[in-house]
Amino acid sequence: MTRPTVRPARPYFSSGPCAKPPGWSLDKLATDSLGRSHRGALGKARLAHCIALMRELLELPDTHRIGIVPGSDTGAFEMAMWTMLGERPVTALAWESFGKGWVTDAVKQLKLSPTVMEADYGTLPDLSQVDWSHDVLFTWNGTTSGVRVPDGDWIAEDREGLSFADATSAVFAHRLPWDRIDIATFSWQKVLGGEAAHGVLILGPRAVERLETFTPDRPLPKLFRLTKDGKLIEGIFRGETINTPSMLAVEDAIVALEWAKGIGGLDAMIARTKANAAAVDAMVQGRSWLHHLCEDPAIRSRTGVCLTIDGADRDAISKMTKWLEAEDVAYDIGGYRDAPPGLRIWCGATVDTDDIEKLGPWLDAAYEEMNA
């Protein structure tokens with residue numbers, strides 16, 4: 001076996017926390033905020049700055065509120081479910097592991113009886129059959145299946161229910177139709193390449209109306225409470241967080257957001273992500289033994305791209321990924337434990353396309369190693 005001579009400059013291609021933006025560093029203002037109270041003037045200003053940057057980069061309309069909440073994307077989405085579901089019937093869409101997790105929450109934890117629309121890994125259910133008199137839960141982009149919704153046109157403009165979008169690996173990689181999204185959640189560790197721990201909750205006006213007019217018949221822990229005396233707690237959406245945030249994680253997110261703004265904003269982030277996904281597709285097209293888990297390009301993820309390999313079971317995939325890690329080329333790129341055996345290549349905007357192109361020959365060598 002011949003080892004390639006050229007290595008990726010930044011060997012990190014997982015579908016979890018990805019590479020920091022090029023040139024990552026904290027300036028003096030950022031380091032001054034570390035260890036300071038988030039209730040103090042500096043802490044409040046930095047949290048508000050982070051929210052303002054997210055609003056600007058996402059091109060979020062003034063109709064939508066945006067807040068930093070506990071528990072990464074999972075915490076943000078469960079906060080939305082626990083506070084708003086139960087007013088009307090629920091439909092839950094599941095085509096990958098996290099969507100299936102929301103089904104479990106709705107059935108076993110919230111004791112609802114949702115209509116469940118499932119599809120196998122690599123495919124979507126028939127979105128035209130969604131009943132929009134229901135509240136609808138879905139994942140915009142599935143990192144464990146490599147599948148995304150094609151656009152927002154399937155979300156009814158005249159919907160009676162609310163649209164709940166788990167968009168954690170879609171924001172900053174897609175232009176989202178905010179007029180069709182009532183609730184969106186994400187976390188910084190995906191396309192921004194930031195640290196985990198905190199989630200982001202976006203509420204449209206219909207979601208705020210639900211919060212202020214509907215009281216769920218279940219206990220709500222303090223971390224989930226978004227209203228007081230029947231009114232939205234507006235401070236949460238100005239940076240007055242429910243619990244104590246990590247200011248290091250906040251400053252890390254600010255660095256990524258300012259980098260994104262500096263390279264050209266949302267358009268540039270989308271372009272970099274598309275270029276990365278195209279590089280993976282070229283890799284697939286050039287190898288007869290490598291395939292996309294999602295065969296339809298119209299619904300294929302452009303961030304977490306999932307691949308299958310001829311003749312590879314979980315042990316074989318493990319052998320390949322351990323070899324790549326030992327060579328200091330790529331880490332944690334094995335497919336998700338519940339998905340079919342394969343690889344996941346992260347294509348978010350903080351990854352350089354040149355590094356993904358350099359990965360191809362190393363996959364060839366790993367494939368030889370697997371078959372040795």
Query raised in the report: For the stretch 150-158, in order, what is each residue's ³J(HN,Hα) by Karplus, 6.51 cos²θ - 1.76 cosθ + 1.60 with θ = phi - 60°, in whole Hz (x at glycine and Pro)?
Result: x, 5, x, 5, 6, 7, 5, 5, 9
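Arrange 108, 190 by Cβ neighbour counts within 10 Å, fewest through most, would you? Display every interim value, and only then the final one.
Details: 108 9, 190 30.
Placing the least packed residue first, the sequence is 108, 190.
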Query raised in the report: When the Karplus curve 6.51 cos²θ - 1.76 cosθ + 1.60 is applied with θ = phi - 60°, which whole-Hz ³J(HN,Hα) does each residue of the stretch 75-81 get, with x for Gly and Pro?
Result: x, 5, 5, 5, 4, 5, 4
Requested in this report: Give me 10, 302, 65 ranked fewest to most by other Cβ atoms within 10 Å of their Cβ, as a rough exposure proxy.
Outcome: 10, 65, 302
Report task. Using the structure shown, list the pairs from 222/274; 20/322; 274/319; 44/261 with a Cα-Cα distance above 32 Å, or answer none. Result -> 222/274
Query raised in the report: Which whole-number percentage describes the relative contact order of the stretch 105-218, with Cα contacts under 8 Å and a sequence gap of 6 or more?
Result: 18
Report task. Could you please report the charge total around residue 90, scoring K, R as +1 and D, E as -1 over all other residues with beta-carbon less than 15 angstrom from its beta-carbon? Result -> -3
Report summary line: To the nearest 0.05, the calculated FRET efficiency linking residue 222 and residue 56 through their beta-carbon distance, R0 being 30 Å, is 0.50
Report task. Describe numerically, in nm with one decimal, the distance between label points set 7 Å from Cα along Cα→Cβ at residue 310 and at residue 131. Result -> 4.6
Requested in this report: For the chain, calculate the relative contact order in percent as a whole number, restricting contacts to Cα pairs under 8 Å that are 6 or more residues apart.
Outcome: 26
**Report entry** Net charge dipole size for the chain [Lys, Arg +1 and Asp, Glu -1 on Cβ; Debye, nearest 20]
**Finding:** 1080
Report summary line: If the chain between residue 234 and residue 109 were fully extended at 0.36 nm per residue, the gain over the current Cα-Cα distance would be 42.2 nm
**Report entry** the stretch 44-83 versus the stretch 255-269: alpha-carbon centroid distance in Å
**Finding:** 18
Report summary line: One can check that the equivalent ellipsoid of the stretch 220-372, built from the alpha-carbon gyration tensor with semi-axes equal to the square roots of five times its eigenvalues, has lengths in Å, largest first, of 38, 20, 16
**Report entry** Cut-off under 5 Å, modelled amide H: who pairs with residue 334 long-range
**Finding:** 344
Query raised in the report: What residue among 222, 44, 358 has the largest mean-square fluctuation in a Gaussian network model of the chain, using Cα springs under 10 Å?
Result: 222
**Report entry** Dipole-positive endmost among 273, 304, 294 within the stretch 226-307 (Cβ charges, Cα centre)
**Finding:** 294
Query - Max mean-square fluctuation residue, GNM over the chain, Cα-Cα springs under 10 Å, options 127, 176, 290 - result: 127
Report summary line: Under the Karplus relation with 6.51, -1.76 and 1.60 and θ = phi - 60°, whole-Hz ³J(HN,Hα) for the stretch 310-315, x at Gly and Pro, equal 3, x, 9, 9, 5, 5
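Let me have the relative contact order for the stretch 265-371, percent, based on Cα pairs under 8 Å that are six or more residues apart.
Here the relative contact order equals 34 percent.
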Query raised in the report: Working out 0.36 nm times the residue gap between residue 328 and residue 243, then minus their Cα-Cα distance, what length gain in nm do you get to one decimal?
Result: 26.8 nm
**Report entry** Sorted peptide list for 226-237, 277-288, criterion being average Cβ within 10 angstrom, highest first
**Finding:** 277-288, 226-237
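Computed from the coordinates by the stated procedures, all read-outs in this text should not be read as laboratory data. Only a predicted model underlies this, so the values are computations on that prediction, with no experimental measurement involved. For neighbour counting, all protein chains shown are included, and Cβ atoms are generated from backbone atoms with ideal geometry for every residue, glycine included.
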